[in-house]
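**Student:** Okay, handing you the structure first.
All of the numbers you see were taken from the coordinates with simple rules; none came from a lab. None of the values given here were measured: they were computed from a predicted structure. Note: ideal-geometry Cβ built from the backbone for every residue, glycine included; neighbour counts use all protein chains shown.
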Amino acid sequence: MNDLGRLGALLKDGRILKVQFFKRDELTSDLVCCDIETEAGLFFCHEEAPEWSEVLALVATLEGFDPDWREKVIQRAFEENRTTAFER
């Protein structure tokens, strides 16, 4: 994610289409990631990125956002467990 302000503007304008969380196998651990599909393109972020908390706070404000996404993603280690937390 290189433009948190742009993502916030897209969210405010109702231009977020889908938010998906998933894990990437990093050999000895899993990395929780997020794809945010918007009318302007795809945004990607992961839990080790400095803006992770801000991204989570933004997408959590979407009406219909699934607050239980984390449990669905982390349940089985070393599996992608892709889950859709929001879809317009």
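**Student:** For W69, W52, which order do you get if you count the other beta carbons within 10 Å of each Cβ and list the fewest first?
**Tutor:** In order of increasing Cβ crowding within 10 Å: W52, W69.
**Student:** Further question: Would you list V55, V32 from fewest to most Cβ contacts within 10 Å?
**Tutor:** Numbers: V55 22, V32 18.
Lowest count first: V32, V55.
**Student:** Also, I was wondering about something else. F65 versus D35, label points 7 Å from Cα toward the beta carbon: distance in nm?
**Tutor:** Each label point is offset 7 Å from its Cα along the Cβ direction, giving 2.0 nm.
**Student:** A follow-up question, please. Using the Karplus equation 6.51 cos²θ - 1.76 cosθ + 1.60 (θ = phi - 60°), what ³J(HN,Hα) coupling, rounded to whole Hz, does each residue of the stretch 57-69 give in order, writing x for Gly and Pro?
**Tutor:** Each residue's phi maps through the Karplus curve to give 4, 5, 5, 5, 7, 5, 5, x, 4, 7, x, 9, 4 Hz.
**Student:** Neighbouring Cβ atoms within 10 Å as the yardstick, rank K23, K18 fewest first. Working shown, then result.
**Tutor:** Values: K23 22, K18 14.
Ranking K23, K18 by Cβ neighbours within 10 Å, fewest first, gives K18, K23.
**Student:** Express the C-alpha Rg of the chain as a ratio against the empirical globular expectation 2.2 N^0.38 Å, rounded to two decimals.
**Tutor:** Ratio of Cα Rg to 2.2 N^0.38 Å: 1.04.
**Student:** Please compute the modelled spin-label separation between D3 and A57, points set 7 Å along Cα→Cβ, answer in nm with one decimal.
**Tutor:** Once both label points are built, they end up 2.2 nm from each other.
**Student:** Next up: Over the chain, calculate the relative contact order: mean separation of alpha carbon pairs under 8 Å at least 6 apart, over the residue count, as a percent. Write out the running numbers ahead of the final one.
**Tutor:** Values: 142 pairs, mean separation 31.5, N = 88.
Relative CO of the chain lands at 36 percent.
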